[in-house]
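What follows is a short report on a single structure.
The values are calculated or read from the model by the stated rules, or taken from the named source; none is laboratory data. All figures in this text were calculated on a predicted structure; none of them were measured in a lab. Please note: Cβ atoms are built from the backbone with ideal geometry, for glycine as well, and neighbour counts cover all protein chains shown.
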Amino acid sequence: MTALLSILAVGLGTYLSRAIMILSLADRKLPDGVVVALRFVAPAVLSALVVALLIDAEGQVAIGVPELSAFLLAGGVAYKTKNHVYTLIVGMTVYWLAGRFG
Amino acid sequence: MMPADREIVRRALRDALPLFAPIIPFGLVFGLAVTESGINHFLGWSSSWLIFAGAAQLTLISLLGSGTAAGAAIMAAVVVNARHVMYSAGLAPTFKNQPTWFRWLAPYVLVDQVFAQASLHLDDAPRDFRVYYLALGSVFWIGWQTATAAGLFIGPIVPAELNLGFAAPILFIGIVVLGIDTRPKLVAAVVGAAVTWLTAGLPNRSGLLVGAIAGILAGTIAERVRR
């Protein structure tokens with residue numbers, strides 16, 4: 001029962017966090033300053049998310065040669081080819097190889 | 001469905017496919033967490049459609065399983081999910097031209113991958129954006145339900161050494177790179193990552209929020225300096 005109620009509570013909280021700005025701001029005329037700031041949401045949050053995904057249980061960012069080399073090459077491939085499949089293949093291959101032989 | 005829509009759906013599927021790779025191991029990890037938590041398996045899996053947010057589900061289920069008080073577990077999961085408020089804000093201007101039903105439905109499937117990919121299509125025609133977004137959302141919804149269900153059975157037997165979860169940060173790097181078309185956006189991305197790193201010790205990865213806000217501010221300032 002506790003588990004069910006907890007899941008429902010988090011489900012509601014998750015939906016609200018995703019809906020609140022869309023529902024409350026879509027019909028408003030936003031100040032120009034805010035519109036400019038919103039353009040930076042995607043690059044700022046997604047790159048912050050990349051780092052956050054590497055945080056381990058001790059609160060350290062677990063990044064070494066395999067991660068860094070994979071990021072650099074995957075970023076380069078994404079820039080050159082604009083293709084997610086190539087980005088993924090190159091990134092994971094570099095990561096595995098650097099982890100094994102690096 | 002009009003022929004043009006079919007083309008958009010096809011493009012959405014093509015864009016979504018590689019983003020799928022990290023969902024599979026994540027779903028397996030989650031399934032494993034459910035089986036270890038002592039929570040009813042069907043109920044644990046049901047969080048996939050009741051919550052539909054992998055990181056928050058994993059946080060909630062593992063904390064409940066470890067005997068954490070429900071209130072604290074719920075709080076932790078909500079903090080993990082707070083970044084969605086920023087996704088919602090980032091998409092809000094695009095929803096100005098969308099019908100009410102879509103404004104209420106879209107947030108339900110606003111997971112990281114959908115936001116990341118949709119953020120590259122903010123200036124599409126309203127109908128095109130809607131078709132693209134719904135196709136993306138459906139793919140990730142179905143994929144997540146399936147992966148977590150499978151995880152209940154095969155999560156316990158997949159070798160951890162493959163580190164398939166690393167596919168997620170790799171793909172997000174790619175999407176960040178594709179979205180950077182001005183110097184202020186580059187500033188936002190670099191500051192966002194750096195500040196998250198500096199605040200990594202904060203509980204429940206909430207440094208992510210500090211980093212994201214710092215990145216947005218830095219980008220805004222850089223934009224102002226440029227003018």
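Couple of notes before you dig in:
- Yes/no for B:Ala188 being outside the structural domain of B:Ala56 (by TED's automatic domain parsing), under 22 Å from the mean Cα position of the chain (by Cα), modelled with pLDDT of 95 or more and within 26 Å of B:Thr59 (Cα to Cα): no
- The stretch A:74-102 residues that are within 19 Å of B:Ala16 (Cβ to Cβ), paired with ones that are of a type in the set (S, T, N, Q) and buried (at least 17 other Cβ atoms within 10 Å of the Cβ) (beta carbon under 7 Å, 6 or more apart): A:Ala74/A:Thr87; A:Val77/A:Thr87; A:Ala78/A:Thr87
- Residue within the stretch B:50-58 that is more than 23 Å from A:Leu16 (Cα to Cα) and more than 10 Å from chain A (Cβ to nearest Cβ) present: no
- Among the numbered conditions (1) at pLDDT below 95; (2) at the interface with chain A (Cβ under 7 Å from one of its Cβ atoms), the only one that B:Pro107 does not meet is (1).
- Within the stretch B:196-208, tally of residues that are farther than 29 Å from A:Thr81 by Cα, assigned to a helix (DSSP H, G or I) and either facing chain A (nearest Cβ under 8 Å) or over 17 Å from the mean Cα position of the chain (by Cα) (or both): 4
- The listed residues are B:Leu178, B:Leu164, and the only one of them that is on the phi < 0 side of the Ramachandran plot, at pLDDT below 90 and either within 7 Å of chain A (Cβ to nearest Cβ) or touching a Cys at 6+ places or on another chain (Cβ under 8 Å) (or both) turns out to be B:Leu178.
- Filter result (more than 7 Å from every other protein chain (Cβ to nearest Cβ) and within 15 Å of the chain's Cα centre (by Cα)) within the stretch A:1-55: none
- Of all residues in the stretch B:184-199, those satisfying the criterion of being closer than 23 Å to B:Ala56 by Cα and buried (at least 21 other Cβ atoms within 10 Å of the Cβ) are B:Gly192, B:Ala193, B:Val195, B:Thr196, B:Thr199.
- Condition check for B:Leu171: part of a helix (DSSP H, G or I), within 25 Å of A:Val85 (Cβ to Cβ) and within 7 Å of chain A (Cβ to nearest Cβ): yes
- Helices (runs of 4 or more DSSP H) completely within the stretch A:1-63 that count 3 or more residues being closer than 22 Å to B:Val78 by Cβ and without any contact (Cβ under 8 Å) to a residue 24 or more places away in the chain: A:2-25, A:41-53
- Sole residue being over 21 Å from B:Ala193 (Cβ atoms) and in a helix (DSSP H, G or I), chosen from A:Leu72, A:Leu88, A:Leu97, A:Leu68: A:Leu97
- Residue check, A:Ala70 at the interface with chain B (Cβ under 7 Å from one of its Cβ atoms), closer than 29 Å to B:Ala167 by Cβ, in contact with a Leu (Cβ under 6 Å, 6 or more places away or on another chain) and of a type in the set (A, V, I, L, M, F, W, C): no
- Flag if A:Glu58 is modelled with pLDDT of 90 or more and of a type in the set (Asp, Glu): no
- Among the criteria (1) facing another protein chain (nearest Cβ under 7 Å); (2) crowded, with 24+ Cβ neighbours inside 10 Å; (3) at pLDDT 90 or above; (4) more than 23 Å from A:Ala57 (Cα to Cα), the one B:Phe115 does not fulfil is (1).
- For the stretch A:1-56, the set of residues classified as touching an Asp or Glu at 6+ places or on another chain (Cβ under 9 Å) and of a type outside the set (A, V, I, L, M) consists of A:Arg39, A:Phe40, listed by residue number.
- B:Thr220 part of a helix (DSSP H, G or I), polar (S, T, N, Q), more than 19 Å from B:Arg14 (Cβ to Cβ) and in contact with a Ser or Thr (Cβ under 9 Å, 6 or more places away or on another chain): no
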